[in-house]
Structures are given as structure tokens and as C-alpha cells.
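A.B. asks: This is the structure I want to talk about, given as C-alpha cells.
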Amino acid sequence: LAKENDRNNCQFYSPDLNARNLERLQMELRLRQALENQEFVLFFQPQIDARSGQLIGAETLIRWQDPLHGLIPPGRFIPLAEETGLIQAIGDWVLTAACEHQARWERLGLPPLTLAVNLSARQFRQPNFVEHLIDTADRSGIDPARLELELTESMLMKDIPQTTGKLQQLKARGFRMSVDDFGTGFSSLNYLRHFPLDVLKIDQSFVRELFEDEAALAIIDSIIALARALGMRTVAEGVETAPQRQILQSHGCDTLQGYLIAKPLPEAEFLAWRQSYQPASRNKGPDSE
Ligand code: C2E
Ligand code: MG
Ligand code: MG
Ligand code: MG
């Protein structure tokens, strides 16, 4: 059967499924066009040192500026991009754009920041991922130590020999690596201790439940203890309130990220935010939210 017929037949006996397939297909086409038309943008969310309040880095978060539907968050297109393989090209774009931003800010003479970049499983599994990344970083002229690659537990644990090889190559080149959404996956602590990782990012679900569920704080404490024992730092995600900040600081979390500090911002707003940002001292709450 030709594709056209196939779809028409589907509609006949399974209208729901067909409608979903059509929507997917349209979305895939729109995603391809979005790449061609450069409709993706990077937003930047500040990360501050928990003790000093100093800005130390930012996480880059992709958005799709769709001329028809406005700003679309990654949760609405990354999964499909993963399924269709388009994530390869999108991931390349993200890495190149992150390096270019970093290089531009350096040229502007701004104090150096670490830029964290989310990787997708499929991107990381590419046989030439490491070479490609090195090439991208080289071309932009940035210091690899200013790039922090965010991996998830499932990415790390999927193919241990391959993961180990890639992490070691990346480490040797000076890149930094973190585990995103830590505590939600199934990490083998034994492997974790052999991987050359720099940061554990405490998943925002634990931060959200800090005052509602005693277990959440216990988990946060364990992650902080584990990170210290393995010579890694911790970043708390999703910090939204001053009391959350307070408790994370006093429990020894190294870095804070969340709406309390700032939402993810487009470049111009991020640079303006940077200019006016005043680190709040340890014992004072921030002036505003
Ligand atoms: P993530 O890497 O865990 O990113 C954190 C998410 O939490 C972001 O959502 C961010 O906007 C949101 N967030 C930050 N602070 C707060 C807060 O205080 N409260 C709450 N409720 N949320 C907060 P976003 O930007 O929608 O991204 C969602 C996910 O999409 C990311 O989760 C990441 O897994 C993925 N993603 C984003 N950008 C990229 C990318 O360039 N490549 C790939 N492969 N995935 C990406
Ligand atoms: Mg992330
Ligand atoms: Mg996360
Ligand atoms: Mg996430």
C-alpha cells in the first residue's frame, strides 16, 4: 500500500490513532522546517554559588520560537525529535549555539561562566559524538572546562563500557560532566564512583517536597554526602522559595538554580539580569522573587 492509502484506511477503522499519527507527522515536518528556518533559541538559567550568591554558571535550555504557535517548551518537541532521529541535528545546533554564545560573551569581556548543556541519549550514543563535540568546541575557541555536559542516569547506565570510554575521552579533553535529575533513575553506585563526573544535579522533585515529605530532605542529604565522598559538587534544581534556599544552603548544597534566582531567560534578558544581579549574602533572603 502506498502511504496515502495506508493513512486513509487507518482513518476508516481507527480514527484516533490516525489523527495522532497525522499530528505526529505534521509535527515532524514542522520540526524539520524549524531547523532549516533557525527557529530554535537558547534560553539561559542562572546558577549561583549557594554560599556567596555569586553567579557561576547557566544552564542552556532550548525553546522553539514557532511563528504560528509562539514559544514552545522542549517537553513538547524533544521526545518526538528523539523518536524521529531529528534530535541529532537539533543537538548539534544546541552545542554549536552554546559554544558561540560562550565565545561571544568572552569576547565582550564578561567574567567567565560555565554553560551547562543538556544532551539526549541518542546524541550521546552517536559513535562520533566525542570527536564532533571536540571539533565544535575547537572551532568556537572556547575552553572545554567552561562547558558542562548534562547526562541522565539512564544514559550513563545503558552501555557501561561505551559510557566509560566516552566519559574518559571527554574528561581528558577538559569537559565537565554532570548527572541531571539525579535521584530519579537507577544508578549503580559502583559505576558512578568510577565515572569521571563533576556534578550531581539534585532533581527538582526533592526540592519541591522539602517541607512536605521528610524523606525528600533525607534523600537530598544522601545525595550531598555521596557527591562529597566521590569528589563531586551538587546543584539543586527548581529552587523556588527562600526557605528552600535556606535549607539547601545549610545542608551543604554547593549550587542553586531555580525560579527564585531567575527563570530561564533569552540572551539579551540574561545579559541584563547579569548586569544588575546583586548576590544576596548567606543569611539574608533575596530581596525579591
Ligand atoms: P532539565 O534539564 O531537568 O531542566 C530543568 C527544567 O526545569 C527546565 O524546564 C527549567 O525551565 C525548569 N525549571 C527551572 N527552574 C525551575 C523552578 O524553579 N521551578 C520549576 N517548576 N521548574 C524550573 P524546560 O526548559 O521546560 O526543559 C525541560 C527539559 O527539556 C529539561 O529538563 C531537559 O531534559 C530538556 N531539554 C531542555 N533543553 C534541552 C536541549 O537543548 N537538549 C535536550 N536534549 N534536552 C533539553
Ligand atoms: Mg538539565
Ligand atoms: Mg533536571
Ligand atoms: Mg528533566
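A.B. asks: Run down the aspartates and glutamates and flag those whose C-alpha is under 16 Å from the C-alpha of residue 166, throwing out any fewer than 8 positions away in its chain.
C.D. replies: The reachable aspartates and glutamates, counting only those whose Cα sits under 16 Å from residue 166, are 131, 135, 148, 150, 153, 198.
A.B. asks: Sticking with this one: In the Gaussian network model of the chain, springs joining C-alpha atoms below 10 Å, which of 133, 71, 61 carries the largest mean-square fluctuation?
C.D. replies: Between 133, 71, 61, it is 71 that shows the largest mean-square fluctuation.
A.B. asks: Probe radius 1.4 Å, ligands and nucleic acids ignored: give me the carbon and sulfur share of the accessible area of the range 39-82 as a rounded percent.
C.D. replies: Numbers: 1010 of 1720 Å².
Percent of accessible area from carbon and sulfur atoms in the range 39-82: 59.
A.B. asks: Now for a different question. At a 1.4 Å probe radius, carbon and sulfur cover how many percent of the accessible area of the range 133-289? Don't skip to the end; give the middle numbers.
C.D. replies: Working: 3720 of 7610 Å².
Solvent-exposed carbon and sulfur of the range 133-289 make up 49 percent of the total.
A.B. asks: Could you pull out every residue, at least 5 positions away or on a different chain, whose amide H is within less than 5 Å of the one on residue 50? Hs are placed 1.01 Å off N in the peptide plane, and Pro or chain starts have none.
C.D. replies: Counting only residues 5 or more places away or on other chains, the set is 255, 256.
A.B. asks: Something else: Simple spin-label model, 7 Å along Cα-to-Cβ: residue 76 to residue 259 in nm?
C.D. replies: Going from the residue 76 label point to the residue 259 one covers 1.7 nm.
A.B. asks: Tell me which residues come under 5 Å, amide H to amide H, from residue 233 once H is placed; ignore anything under 5 positions away on its chain.
C.D. replies: Hits under the 5 Å cutoff: 199, 200.
A.B. asks: Could you work out Rg/(2.2 N^0.38 Å) for the range 141-289, with Rg from alpha carbons only?
C.D. replies: Details: Rg = 16.5 Å, N = 149, 2.2 N^0.38 = 14.7 Å.
Normalised by 2.2 N^0.38 Å, the Cα Rg of the range 141-289 equals 1.12.
A.B. asks: Then there is this: Taking only protein heavy atoms and a 1.4 Å probe, what accessible area per residue, in Å², does the chain have with all protein chains in place? Can you show the working numbers first?
C.D. replies: On the way: 14700 Å² over 289 residues.
Value for the chain: 51 Å² per residue.
A.B. asks: Here's a follow-up. What does the charge dipole of the range 47-104 about its Cα centre add up to, to the nearest 20 debye, if the Cβ of each Lys and Arg holds +1 and the Cβ of each Asp and Glu holds -1?
C.D. replies: Details: 4 positive and 7 negative charges, 43 e Å.
Computed about the Cα centre, the dipole is about 200 debye.
A.B. asks: What length, rounded to one decimal in nm, is gained on full extension from residue 39 through to residue 145, with 0.36 nm per residue of separation minus their alpha-carbon distance? Mind showing how you got there, number by number?
C.D. replies: Details: separation 106, 0.36 × 106 = 38.16 nm, distance 2.85 nm.
Separation in residues times 0.36 nm, less the Cα-Cα distance, equals 35.3 nm.
A.B. asks: When the Karplus curve 6.51 cos²θ - 1.76 cosθ + 1.60 is applied with θ = phi - 60°, which whole-Hz ³J(HN,Hα) does each residue of the range 154-167 get, with x for Gly and Pro?
C.D. replies: 5, 5, 5, 8, 5, 9, 4, x, 5, 4, 4, x, 5, 4
A.B. asks: Between 201, 171, 158, which gets the highest mean-square fluctuation from a Gaussian network model of the chain, Cα cutoff 10 Å?
C.D. replies: Most flexible of the set in this elastic network: 158.
A.B. asks: Still on this structure: Pull out a ≥ b ≥ c, the square roots of the eigenvalues of the alpha-carbon gyration tensor of the range 14-73, then state rounded if a/c is under 1.5, prolate if not and a/b is larger than b/c, and oblate in the remaining case. Could the numbers behind the result be given before it?
C.D. replies: On the way: a/c = 4.62, a/b = 2.51, b/c = 1.84.
Prolate.
A.B. asks: Another question, if that's okay. Provide the per-residue ³J(HN,Hα) series for the range 173-179, in order, calculated from phi with Karplus coefficients 6.51, -1.76, 1.60 and θ = phi - 60°, each as a whole number of Hz, with x at glycine and proline positions.
C.D. replies: Each residue of the range 173-179 in turn: 7, x, 5, 9, 9, 10, 9 Hz.
A.B. asks: Convert 25 °C to kelvin, take the viscosity as 0.890 mPa s, use the Kirkwood radius over C-alpha pairs of the range 167-235 as Rh, and evaluate the Stokes-Einstein diffusion coefficient in µm²/s, rounded to a whole number. All intermediate terms of the calculation are to be shown ahead of the outcome.
C.D. replies: On the way: Rh = 12.6 Å.
It comes out at roughly 194 µm²/s.
A.B. asks: Then there's this: In whole Hz, with x marking every Gly and Pro, tabulate ³J(HN,Hα) for the range 271-277 from phi via Karplus 6.51 cos²θ - 1.76 cosθ + 1.60, θ = phi - 60°.
C.D. replies: Using θ = phi - 60°, the values come out as 5, 5, 4, 4, 5, 9, 5 Hz.
A.B. asks: Sticking with this one: So in the chain, what percent of DSSP beta bridges are antiparallel if you round to the nearest 5? Display every interim value, and only then the final one.
C.D. replies: Details: 16 of 38 bridges.
Restricted to the chain, the bridges split so that about 40 percent are antiparallel.
A.B. asks: Still on this structure: Treating the angle as unsigned and between 0 and 90°, give the value, to the nearest 10°, between the Cα long axis of helix 3-13 and the longest Cα principal axis of the chain.
C.D. replies: 80 degrees
A.B. asks: Over the chain, what lengths in whole Å, largest first, do the semi-axes of the equivalent ellipsoid take, defined as the square roots of 5 times the eigenvalues of the alpha-carbon gyration tensor? Display every interim value, and only then the final one.
C.D. replies: Values: eigenvalues 226, 100, 97 Å².
Computed over the chain, the values are 34, 22, 22 Å.
A.B. asks: Name the long-range amide H neighbours of residue 59: under 5 Å, sequence gap of 5 or more, or other chain; modelled H, no Pro or chain starts.
C.D. replies: For residue 59, whose amide H was placed from the backbone, the distant partners under 5 Å are 45, 47, 116.
A.B. asks: With a cut-off of 8 Å between alpha carbons and a minimum separation of six or more residues, what is the relative contact order of the chain in percent? Walk me through the numbers before you get to the answer.
C.D. replies: Values: 425 pairs, mean separation 53.9, N = 289.
For the chain, the relative contact order is 19 percent.
A.B. asks: Turning to a different aspect of this structure: Helix-only estimate, please: 222 nm mean residue ellipticity of the chain, summing -39500 (n - 2.57) across DSSP H runs of length 4 or more and dividing by its residues, to the nearest 500.
C.D. replies: Numbers: 13 runs with 143 residues, N = 289.
So the calculated ellipticity at 222 nm is -15000 deg cm²/dmol.
A.B. asks: Further question on the same structure: Distances over 22 Å make up what percent of all Cα-Cα pairs in the range 61-176?
C.D. replies: Distances greater than 22 Å cover 36 percent of the Cα pairs.
The values are calculated or read from the model by the stated rules, or taken from the named source; none is laboratory data. Since the model is a prediction, treat every value here as computed from it, not as a measurement. Here the Cβ is made from the backbone with ideal geometry for all residues, glycine too, and neighbour counts use every protein chain on show. Each accessible area value is taken on the protein alone, full model and side chains, heavy atoms only, with ligands, DNA and RNA left out. Shrake-Rupley method; radii C 1.70, N 1.55, O 1.52, S 1.80 Å.
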